[in-house]
Protein chains: 2
Amino acid sequence: MKTLQVALGARSYPIHIGSGLLMRPELYRPYLQGRQVMIVTNETVGPLYLEPVQKALQGFEVHTTVLPDGESYKTLEVWSRIFDDLLAARFARDCTLVALGGGVVGDIAGFAAACYQRGVDFIQVPTTLLAQVDSSVGGKTSVNHPAGKNMIGAFHQPRAVIADTETLKTLPDRELSAGLAEVLKYGFIRDSAFLDWLESNMPRLLDRDPEALVYAIGRSCQIKAEIVAEDERESGNRALLNLGHTFGHAIELGMGYGSWLHGEAVAVGICLAASLSARLGWLTAVEVERAERLIASARLPTYLPKELTPERMLELMAVDKKVLGGQLRLVLLRRLGEAVVTGTFFQDALLASLAEQQMQVTADKRLA
Amino acid sequence: MKTLQVALGARSYPIHIGSGLLMRPELYRPYLQGRQVMIVTNETVGPLYLEPVQKALQGFEVHTTVLPDGESYKTLEVWSRIFDDLLAARFARDCTLVALGGGVVGDIAGFAAACYQRGVDFIQVPTTLLAQVDSSVGGKTSVNHPAGKNMIGAFHQPRAVIADTETLKTLPDRELSAGLAEVLKYGFIRDSAFLDWLESNMPRLLDRDPEALVYAIGRSCQIKAEIVAEDERESGNRALLNLGHTFGHAIELGMGYGSWLHGEAVAVGICLAASLSARLGWLTAVEVERAERLIASARLPTYLPKELTPERMLELMAVDKKVLGGQLRLVLLRRLGEAVVTGTFFQDALLASLAEQQMQVTADKRLA
């Protein structure tokens, strides 16, 4: 087991990463203030992992809320059912919520913990690679609104994160790859040595080798934790974590939510960021090609779907911009392993990158 | 105009108190980060004060949400409509909400500000005495759940509070008195000199003399601000602010919400706390009588309604206790001007105090 500490002053917390952790009582106990524990999970994850978690919590007053599975249920309505259950069981302010599942369960349960009696403790037990490397660090909790993703939420840090790599054994291949997109993102943002390691160890990760997974998850969480510790409320550097995401959100929206996985869209987004960075003279064609090869090696897409023309992509990216207000800013790459946020780029260069990433030309012809 | 500062580090904010303040643009401007402002008000307050506030915000992109009036609308459902309006108007993260109304509007709008895009700014413009001396300080925001009051919410501090004493001119007499119950509470908790002042100036306050109101509101906010600064998240001393409230909640619940005003129930609650404190030997009979006289002088009740027998009160107080978990703790008075939280008292003494406060015996016969 590997343990990282997320340094946030009084809100600091540990992330435990390893095999078979979710059944270990001693990982929960130090963080349970009172006797009442509510496990929030979903219909898919519950049948697989609810029992061992309940066993680990033996001796406590444990209740369970099972949510429907899927991003489309990340709503205020589903969220509010958790309060019905907490109040029916007369849960006190010293209770603890345990979020057992992927990113959606973590987001809803975390947001419920943020608001129940103005804030109670929660423990994250992420069961997907994406949730282990992304949602479990940083304290962002939320639900969606019909008019926009994650529009209603709170910053609320967990008391502890228990990332059990055993749970990844039951993860579908496509979701494993989608999680690897976020892992790769951390390397691109600020760790070229980690990129080298990923290049050599991608086959082991795809084989779900526990040791390789623990290393990759640990390094990812460490990088995210460093960035979040510098900027908990996202006023500056934390925006770097959005590498590939402005493009990615446009793809998800353009293709209809649920058609592309978030990680798949981010993968193409990183390729687009690399391409535009090359046009600004920051990356060489060889580096862009290396980035694409690495992403493809994780069985992830690197090109825009045909439906999304450059003009359509610009439109879709403007939705994000209008909802959030202000000017379009992108996260680009100064080099492989160093991301920067910039509002300075030429619209034509952006259009050209969108076009070439669509037409599937090869990298070496690109800047000729 | 009097200005107090609530000292909460990076979340510090000013409370401006005076006559004609809500129409002064310079009190809003320093706290408006972006151009978008959403005024949240209700059907009763809107027609009276919306126009001058809109005028003060001229030059900004101002939208308005009008909520139905009353505690029964302090629900998740009404709260969520604010997000519909914010998103329909494409409000960005640098927008500001202005809560124009009493405690209910402040609680709902504040909680919406806490959660919109994980937290945006808000300014409180409280228009009732209760809201000016109570809800505008401390950052508690919430909505009710059918199973309990204020069960869902967040701690979210306003950027500024603008307490305009002009708005109290349109306040019904009964609500003015209910607000004075909370003003008196601050004196009982920790300021005997303020109690002396209130004893001499009660007629001026009931006449809505602006100068007397500014002083009483200012001193109340100052005491609350000191206590909140010591204990922002209510782990210790902040519980003192609940003087009279455990009894008060039981009365409100027992009589049916809306039948007694919150301040009226708190007034009787303070009398009960004084009576029980006398039984513990902390107050003299003369002091209890003085407390009751002072409360009665604000045209507030000092006795329990006949329906609420001692046994029924105990039952009702246990509901609060069960919902919140743990043991019944009460805020009592060491002396007039010094409250303490205690879990140590005899059940029989409590029953006796409940009985005598119901039977309307006079204070001098009480401890014979």
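The values are calculated or read from the model by the stated rules, or taken from the named source; none is laboratory data. Given the structure is predicted, the values throughout are model-derived calculations rather than measurements. Positions of Cβ are backbone-derived with ideal geometry, glycine not excepted, and every protein chain shown enters the neighbour counts.
Determine whether B:V133 is out of contact with any strand residue (DSSP E or B) (no Cβ under 7 Å at 6 or more places or on another chain), more than 14 Å from every other protein chain (Cβ to nearest Cβ) and either crowded, with 24+ Cβ neighbours inside 10 Å or free of Cβ contacts under 8 Å to residues at least 40 places away in the same chain (or both).
yes
So, in region B:136-165, how many residues would count as being closer than 15 Å to B:I108 by Cα, within 13 Å of chain A (Cβ to nearest Cβ) and among the small types (G, A, S)?
Qualifying residue count, region B:136-165: 5.
With (1) outside the structural domain of A:L22 (by TED's automatic domain parsing); (2) surrounded by 18 or more Cβ atoms within 10 Å (Cβ to Cβ) as the list, and A:D164 as the residue in question, which single condition is left unmet?
(1)
Considering only residues that are basic (K, R) and touching a residue at least 40 places away in the same chain (Cβ under 8 Å), look in region B:177-218 and name the one that is nearest to B:V341 (Cα to Cα).
Ranking the qualifying residues of region B:177-218, first place goes to B:R190.
State whether one or more residues within region A:91-102 are among the basic types (K, R) and outside any loop (DSSP other than H, G, I, E, B).
No, the conditions are met nowhere in region A:91-102.
I need a count of the residues in region A:103-119 that are part of a loop (DSSP other than H, G, I, E, B) and out of contact with any Phe, Trp or Tyr (no Cβ under 8 Å at 6 or more places or on another chain).
Qualifying residue count, region A:103-119: 1.
Considering each of B:V78, B:V133, B:V143 in turn, give the residue that is in a helix (DSSP H, G or I), aliphatic (A, V, I, L, M) and within 22 Å of B:R233 (Cα to Cα). Even if it seems obvious, please write down each step before you answer.
Details: B:V78 fails: within 22 Å of B:R233 (Cα to Cα); B:V143 fails: in a helix (DSSP H, G or I).
Just one listed residue meets the conditions, B:V133.
Across region B:138-150, what is the number of residues that are free of Cβ contacts under 8 Å to residues at least 12 places away in the same chain and surrounded by 18 or more Cβ atoms within 10 Å (Cβ to Cβ)? Step through it out loud before you land on a result.
Initial filter on region B:138-150 (free of Cβ contacts under 8 Å to residues at least 12 places away in the same chain): B:146.
Filter again for surrounded by 18 or more Cβ atoms within 10 Å (Cβ to Cβ), leaving none.
So the answer is 0.
If the Cβ limit is 7 Å and pairs must be 6+ apart or interchain, which residue in region B:10-34 that is among the polar types (S, T, N, Q) pairs with which residue that is assigned to a helix (DSSP H, G or I)?
Listed by first residue and then by second, the contacts come to B:S19/B:T165; B:S19/B:E166; B:S19/B:P210.
Kindly list the number of the only condition in (1) more than 11 Å from chain B (Cβ to nearest Cβ); (2) closer than 18 Å to A:H145 by Cα that fails for A:W79.
With respect to (1) more than 11 Å from chain B (Cβ to nearest Cβ); (2) closer than 18 Å to A:H145 by Cα, A:W79 is out only on (1).
Tell me the residue from A:D134, A:D121, A:D107 that is more than 12 Å from A:V40 (Cβ to Cβ) and modelled with pLDDT of 95 or more, please. Let's see the steps before the verdict.
Numbers: A:D134 fails: modelled with pLDDT of 95 or more; A:D107 fails: more than 12 Å from A:V40 (Cβ to Cβ).
Selected residue: A:D121, the only one of A:D134, A:D121, A:D107 that is more than 12 Å from A:V40 (Cβ to Cβ) and modelled with pLDDT of 95 or more.
Hey, could you check region A:171-218 for residues that are surrounded by fewer than 17 Cβ atoms within 10 Å (Cβ to Cβ) and among the small types (G, A, S) and say which is farthest from the chain's Cα centre (by Cα)?
A:S200
Go over the candidates B:A239, B:A225, B:A250 one by one and state the one that is part of a helix (DSSP H, G or I) and in contact with a helix residue (DSSP H, G or I) (Cβ under 9 Å, 6 or more places away or on another chain).
B:A250
Please give the number of the condition A:V161 fails out of (1) touching a Gly at 6+ places or on another chain (Cβ under 9 Å); (2) touching a residue at least 60 places away in the same chain (Cβ under 8 Å); (3) outside any helix (DSSP H, G or I).
(1)
Specify which of the listed residues (B:L261, B:L272, B:L304) is in contact with a Lys or Arg (Cβ under 9 Å, 6 or more places away or on another chain) and either small (G, A, S) or under 22 Å from B:V183 (Cα atoms) (or both).
When all the criteria are applied, what remains is B:L261.
If you take the residues in region B:100-126 that are over 13 Å from A:M151 (Cβ atoms) and of a type in the set (V, I, T), which one is nearest to the other protein chains (Cβ to nearest Cβ)?
In this case the residue turns out to be B:I108.
Answer yes or no as to whether B:A154 is assigned to a helix (DSSP H, G or I), at pLDDT 95 or above, assigned by TED's automatic domain parsing to the domain that holds B:M38 and not β-branched (V, I, T). Before you say what the answer is, go through the steps one by one.
Details: assigned to a helix (DSSP H, G or I): no; at pLDDT 95 or above: yes; assigned by TED's automatic domain parsing to the domain that holds B:M38: yes; not β-branched (V, I, T): yes.
So B:A154 does not fit the description; no.
Please determine, by comparing only the residues of region A:1-38 that are away from chain B (no Cβ under 14 Å), crowded, with 20+ Cβ neighbours inside 10 Å and not aliphatic (A, V, I, L, M), which one is farthest from the chain's Cα centre (by Cα).
Selected residue: A:Y28.
Give region A:219-237 a look and list any residue that's closer than 24 Å to A:K169 by Cβ, in contact (Cβ under 8 Å) with a residue 60 or more places away in the chain and surrounded by 20 or more Cβ atoms within 10 Å (Cβ to Cβ), or say none.
Let us first name the residues in region A:219-237 that are closer than 24 Å to A:K169 by Cβ, namely A:219-222, A:224.
If we keep only those that are in contact (Cβ under 8 Å) with a residue 60 or more places away in the chain too, we end up with A:220-222, A:224.
Listed by number, the residues that qualify are A:S220, A:C221, A:K224.
Results for (1) charged (D, E, K, R); (2) modelled with pLDDT of 95 or more, shown as yes or no for each residue.
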{"residue": "A:V266", "(1), (2)": "no, yes"}
{"residue": "A:E289", "(1), (2)": "yes, yes"}
{"residue": "A:I295", "(1), (2)": "no, yes"}
{"residue": "A:R299", "(1), (2)": "yes, yes"}
{"residue": "A:K306", "(1), (2)": "yes, no"}
{"residue": "A:P310", "(1), (2)": "no, no"}
{"residue": "A:L316", "(1), (2)": "no, no"}
{"residue": "A:G325", "(1), (2)": "no, no"}
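Let me spell it out: the conditions are (1) out of contact with any strand residue (DSSP E or B) (no Cβ under 9 Å at 6 or more places or on another chain); (2) of a type outside the set (S, T, Y); (3) farther than 18 Å from A:E175 by Cα, and A:L240 meets all of them except one. Which number is the exception?
(1)
In the set B:L67, B:L86, B:L97, which member is touching a strand residue (DSSP E or B) at 6+ places or on another chain (Cβ under 8 Å), at the interface with chain A (Cβ under 10 Å from one of its Cβ atoms) and modelled with pLDDT of 95 or more?
B:L86
When you scan region B:255-270, do you find a residue that is part of a helix (DSSP H, G or I), in the same structural domain as B:G187 (by TED's automatic domain parsing), farther than 13 Å from B:V341 by Cβ and among the aromatic types (F, W, Y), even just one?
Within region B:255-270, the subset part of a helix (DSSP H, G or I) is B:255, B:262-270.
Pick out the ones that are also in the same structural domain as B:G187 (by TED's automatic domain parsing) and you get B:255, B:262-270.
Those left that are additionally farther than 13 Å from B:V341 by Cβ: B:255, B:262-270.
Of the ones still in play, those that are also among the aromatic types (F, W, Y) are none.
No.
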